[in-house]
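**Student:** Structure in structure tokens, see below.
The values are calculated or read from the model by the stated rules, or taken from the named source; none is laboratory data. Everything quoted here is computed from the prediction, not taken from an experiment. Backbone-built Cβ (ideal geometry, glycine too); neighbour counts: all protein chains shown.
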């Protein structure tokens, strides 16, 4: 019904840590970063600069987690070896 | 213990007695002495809270938003332009449901520059979600600040305790200052369940969509309504411990009166004196002091007044293009009553004009004799 | 209800004189006193007004005082500036002056004039410089005695709790003026 009764509990907008992981920001992406691992020196600047913290380090070389990558291109801009390219997202 | 205090010093004593943990104050006439006194008390060791020196009133309220979010009991004081400058943060604090207590010393708004008492500063903040209490003596300032902490902490709504610039803020009078032990019994330390805590990290104040936003406001409206009964409970407990009772509306010889002066603040005393003089001359005069303005005690007002009465509402503020704030609110509250009192709005005492017994008798007579059109606001001044 | 208006100069402690009387009345236990400053844009030396409203019952009226029963002049050179405004015939004017009462009275026809040698007393106790002695405590002591507002002990206590510097000297000056008063008056 359209009539709005007051909520029983005092509503507060308080979020617990990690709550932003519910928002899969990969849906924002229209360019996708690809790392040419043959040229990658493992300097970790992409890991350091990624604003979404979605560059993982499973081994000595980085790997980009595509659940949260928005395709912003900061990693490609920062990479001194210029081994990250921003490619068109493939059609589903 | 009785001390001779001004309204400002009574407010500072109350903040110290309440065990305020963080006070953040920017000086402005006529409220400056509150911060000065707290600073002195801090140096003497009689105020144990932290005093933050800030660069503006906006920052004063912003820092209290942070301190109260961390679970501190918080206090500030301001006036006029300072309160106007805080406006944005007032919404933030009430929306975040934080029990900040602030003293506002009524002073007119510029331009032109003016230092004296006028209620337009506090009344122009009426829609910010703050409780508002209008005091009529320095004793009431002290008592209301103490009660405001308890009321705010129970309702999760901030409180503004309002007193008249100079007429109360700078006038010395005897004030009964309760001892700290009794105050602590009345007002134990505040321990909020959710607060900023590095041991249990959480994010406060993130974005809310329409569905959450309206629910938050709906709950705030409900809590505002409920605040009237909280105010009543706290007043009863205060009376039990300290022997002084405060009601949201204070009628004076009003029950059998045919014309009633309605007024808020320190000039209410002059209204009572005017009523005494009018009664002595054989008139059925009464007065009604509006003490709690937010939440507006509309039910109590309707119960107290009846259709045969005439009301003379004395406003020390004016909403340009409309009428005095109290007049608007009282007319709105009485709209559903039938028959309703004939209510006339009078504007007096803007910019510090003295609201004297003689002036109030004139206002009473104008309303009583029906020489004014209730649809129009009547502007009055004491010519002296 | 007794209403008093004080005329002084900025920096002279005019409001404090009213506050001391309020403290003395509280300590005397016989009534209530409001000490009300008339607050303007203040400047040292400029004429300043303050009020005291005293009653043995609760005081409701907080407006300014327009028709005082008594006027207290902290500085005798202020005579020009509205001293007699609102006074009814027979009102009391208490002046800080060592001039003879007859010539002072001629200045205010129809009024009851009394003088207090407050300047001499204040300087004797080392209160303020010679040109501008601080006479507020001395005058407050004299007013309390003249109008029978409080006893010696209450006056001494009132000064002690109101004046943080030269507390002893101020209290002694107030009591010296208190003791000089031989006649109780009613305003």
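**Student:** Is it the case that residue C:136 is within 14 Å of chain B (Cβ to nearest Cβ), crowded, with 24+ Cβ neighbours inside 10 Å, in contact with a strand residue (DSSP E or B) (Cβ under 9 Å, 6 or more places away or on another chain) and at negative phi?
**Tutor:** When the stated conditions are applied, residue C:136 passes them.
**Student:** Just one of the numbered conditions (1) buried (at least 19 other Cβ atoms within 10 Å of the Cβ); (2) within 15 Å of residue C:181 (Cβ to Cβ) is not true of residue C:63; which one?
**Tutor:** (2)
**Student:** Follow-up. Inside segment C:28-48, can you point out the residues that are more than 9 Å from every other protein chain (Cβ to nearest Cβ) and surrounded by fewer than 22 Cβ atoms within 10 Å (Cβ to Cβ)?
**Tutor:** Answer for segment C:28-48, where residues must be more than 9 Å from every other protein chain (Cβ to nearest Cβ) and surrounded by fewer than 22 Cβ atoms within 10 Å (Cβ to Cβ): C:28, C:29, C:30, C:31, C:42, C:43, C:44, C:45, C:46, C:47.
**Student:** Would you say residue B:354 is under 30 Å from residue C:58 (Cα atoms), without any contact (Cβ under 8 Å) to a residue 24 or more places away in the chain and within 14 Å of chain C (Cβ to nearest Cβ)?
**Tutor:** When the stated conditions are applied, residue B:354 does not pass them.
**Student:** Which of the residues belonging to segment A:11-48 are assigned to a loop (DSSP other than H, G, I, E, B) and either away from every other protein chain (no Cβ under 12 Å) or touching a residue at least 40 places away in the same chain (Cβ under 8 Å) (or both)?
**Tutor:** A:24, A:29, A:30, A:36, A:37, A:38, A:39, A:40, A:41, A:42, A:43, A:44
**Student:** Do we have any residue at all in segment B:363-375 that's within 22 Å of residue B:124 (Cβ to Cβ), crowded, with 17+ Cβ neighbours inside 10 Å and in contact with a helix residue (DSSP H, G or I) (Cβ under 8 Å, 6 or more places away or on another chain)?
**Tutor:** Checking segment B:363-375: not a single residue is within 22 Å of residue B:124 (Cβ to Cβ), crowded, with 17+ Cβ neighbours inside 10 Å and in contact with a helix residue (DSSP H, G or I) (Cβ under 8 Å, 6 or more places away or on another chain).
**Student:** Let me ask something else about it. Being modelled with pLDDT of 95 or more and part of a strand (DSSP E or B) is the filter here, so list the residues in segment C:8-35 that pass it.
**Tutor:** Scanning segment C:8-35 gives C:34, C:35.
**Student:** Also: Please enumerate the residues belonging to segment B:187-230 that are free of Cβ contacts under 8 Å to residues at least 12 places away in the same chain, touching a strand residue (DSSP E or B) at 6+ places or on another chain (Cβ under 7 Å) and away from chain A (no Cβ under 11 Å).
**Tutor:** none
**Student:** Which one of these is at pLDDT 95 or above, under 21 Å from the mean Cα position of the chain (by Cα), surrounded by fewer than 20 Cβ atoms within 10 Å (Cβ to Cβ) and within 26 Å of residue B:137 (Cβ to Cβ): B:332, B:300?
**Tutor:** B:300
**Student:** Find the residue count for segment C:171-187, including only residues that are within 17 Å of residue C:35 (Cβ to Cβ) and surrounded by 24 or more Cβ atoms within 10 Å (Cβ to Cβ).
**Tutor:** 1
**Student:** Go through segment B:164-180 and give me each residue that's within 11 Å of another protein chain (Cβ to nearest Cβ) and farther than 17 Å from residue B:4 by Cβ.
**Tutor:** B:164, B:165
**Student:** Related question: Name the pairs: first residue in segment B:100-129 and within 13 Å of chain C (Cβ to nearest Cβ), second residue surrounded by fewer than 22 Cβ atoms within 10 Å (Cβ to Cβ) and in a loop (DSSP other than H, G, I, E, B), Cβ to Cβ under 6 Å, at least 6 apart or on different chains?
**Tutor:** From residues that are within 13 Å of chain C (Cβ to nearest Cβ), the pairs are B:115/B:29.
**Student:** Another question about this same structure. List pairs: first in segment C:158-180 and away from chain B (no Cβ under 14 Å) and modelled with pLDDT of 95 or more, second part of a helix (DSSP H, G or I) and surrounded by fewer than 18 Cβ atoms within 10 Å (Cβ to Cβ), Cβ under 8 Å, 6+ apart or cross-chain?
**Tutor:** As it stands, the answer is C:167/C:160; C:171/C:160; C:173/C:124; C:175/C:152; C:176/C:124; C:178/C:152; C:179/C:152, since those pairs meet every condition given.
**Student:** Looking at B:219, B:191, B:215, which one is closer than 29 Å to residue A:9 by Cβ, out of contact with any helix residue (DSSP H, G or I) (no Cβ under 7 Å at 6 or more places or on another chain) and crowded, with 18+ Cβ neighbours inside 10 Å?
**Tutor:** B:219
**Student:** Which members of segment B:86-130 meet the condition of being assigned to a helix (DSSP H, G or I) and touching a strand residue (DSSP E or B) at 6+ places or on another chain (Cβ under 8 Å)?
**Tutor:** Of everything in segment B:86-130, those that are assigned to a helix (DSSP H, G or I) and touching a strand residue (DSSP E or B) at 6+ places or on another chain (Cβ under 8 Å) turn out to be B:86, B:121, B:122, B:123, B:126.
**Student:** Residues of segment B:336-351 being modelled with pLDDT of 95 or more and over 20 Å from residue B:275 (Cα atoms), which ones?
**Tutor:** B:350, B:351
Listed here are the residues, each with its yes/no results for (1) surrounded by 24 or more Cβ atoms within 10 Å (Cβ to Cβ); (2) farther than 30 Å from residue C:56 by Cα.
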| position | (1), (2) |
| --- | --- |
| B:89 | no, yes |
| B:119 | yes, yes |
| B:158 | yes, yes |
| B:169 | yes, no |
